[in-house]
1. I need the full set of residues from the stretch 356-377 which are within 16 Å of the ligand (Cβ to nearest atom) and not in a helix (DSSP H, G or I), in order please.
2. Considering only the stretch 465-472, I want to know if a residue exists there that is touching a residue at least 40 places away in the same chain (Cβ under 8 Å) and surrounded by fewer than 19 Cβ atoms within 10 Å (Cβ to Cβ).
3. Can you name the helices (runs of 4 or more DSSP H) wholly within the stretch 237-335 that have at least 3 residues being away from the ligand (no atom under 14 Å from the Cβ) and either under 25 Å from residue 155 (Cβ atoms) or without any contact (Cβ under 8 Å) to a residue 60 or more places away in the chain (or both)?
4. Please work out which one of (1) over 19 Å from the mean Cα position of the chain (by Cα); (2) more than 15 Å from the ligand (Cβ to nearest atom); (3) farther than 25 Å from residue 178 by Cβ; (4) in contact (Cβ under 8 Å) with a residue 60 or more places away in the chain is the condition residue 380 fails and give its number.
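Values in this text are rule-based calculations from the coordinates and carry no lab data. Since the model is a prediction, treat every value here as computed from it, not as a measurement. Cβ placement follows ideal geometry from the backbone for every residue including glycine, while neighbour counts extend to all protein chains displayed.
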Ligand SMILES: Cc1ncc(COP(=O)(O)O)c(C=O)c1O
């Protein structure tokens, strides 16, 4: 009998009116540390007559957190302090005046919203939901309502919510050593660097904390390369219209969308914009002071718009001809998202520099700027750095992601699931077009706006993204076919209503 079978065997024996903590169940099933796993399992696959609840308050209304998450020792002492007798591992808390909270949350949604309005800068347009926990491609709000997740935190949770291997890697590292300065060598950082370079085909990496920061590194690297070889005047970077490269003042300058520039001028100098899929436009933007061309293979925020293979090859040829660095922003397209480990592999056009973030950490903040061999020594000691860059806990999570996602079998499953989703999407009502690659998909609608459709999806239990006028799907790479079908059924209903 495996652990979960034992869990369900024990749960089936809980008599009516009795309560067992997740910790007690986990201990009885043979793993005292697996109380969370028990909670998630019971939420996902509830048994009739058993109400899984994450927290309990005592008669004074005080929260008893150990009840949900601690081992049996903690439970026991907590319960004894409350004068509760435990019999056979199960205890009827209600007879002691304890109340079961059906909600996971100690705050209502309205309270959360109010606190946010009072305390957080209003930079985000949020959907009307507060998420509290998740497993696989399912997230839950405070009332236990389930949401199938087609967004994975904007392409971040590549292995889904709380994947057991990822949680173990991260929590083991957190318990060993949570942070060291980059003044010291880090075994887990070098392990990740070695693996990432090997699977990506690049020679060296710099670790930061976000996509924008990875792009900052790429921009500095290109300018330094050109300054060393030519002159400091040769510092201009050509990017594409409709691109998105981040929110720092320099990556905003790189972003070829005026709407993001408003209010924040002056931006960093030295950027020019060309039209995607138009090599003449790129040639016209390049001059004697250009040092690099920076582009996304698929413009994610721009509406999930892939560039053509022909254009990618033409840009590569132009870079070779003029000794410009080709920088690919793979922040959204990277780490298996498009069915290849990095998207350039789908195009057969290898950039000199690629930047990566989002899905790389599987849910923790990490950014990486990877460069080819000729650029490996361009940045010297003291020229770039980041306090948290390459943090051990984050690297441990990323290592688990990279090891698993880079397996050919894993990547072919991403391709298969991507094809399956695309085919199903094309059969849905109100769908005009499906764009993208692998599991990075954009859906153009015939009627209604993507924004309205996404809001309706959330109401109906599906988390989905938008990009410009398109619906955008970036599901966890580990999503199951059952979860895909469940999500698509919700999307179908919403699209029917809109058409
Ligand atoms: C292509 C691309 N580059 C850069 C970024 C910025 O990444 P971050 O928000 O981690 O700074 C994003 C974020 O959406 C992105 O899609």
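1. Once the filter is applied, which keeps residues that are within 16 Å of the ligand (Cβ to nearest atom) and not in a helix (DSSP H, G or I), the stretch 356-377 yields 356, 357, 362, 363, 364, 365, 366, 367, 368, 369, 370.
2. Within the stretch 465-472 (the criterion being touching a residue at least 40 places away in the same chain (Cβ under 8 Å) and surrounded by fewer than 19 Cβ atoms within 10 Å (Cβ to Cβ)), the answer is yes, since at least one residue qualifies.
3. 258-261, 279-285, 309-322
4. Looking at each condition in turn, residue 380 falls short on (4).
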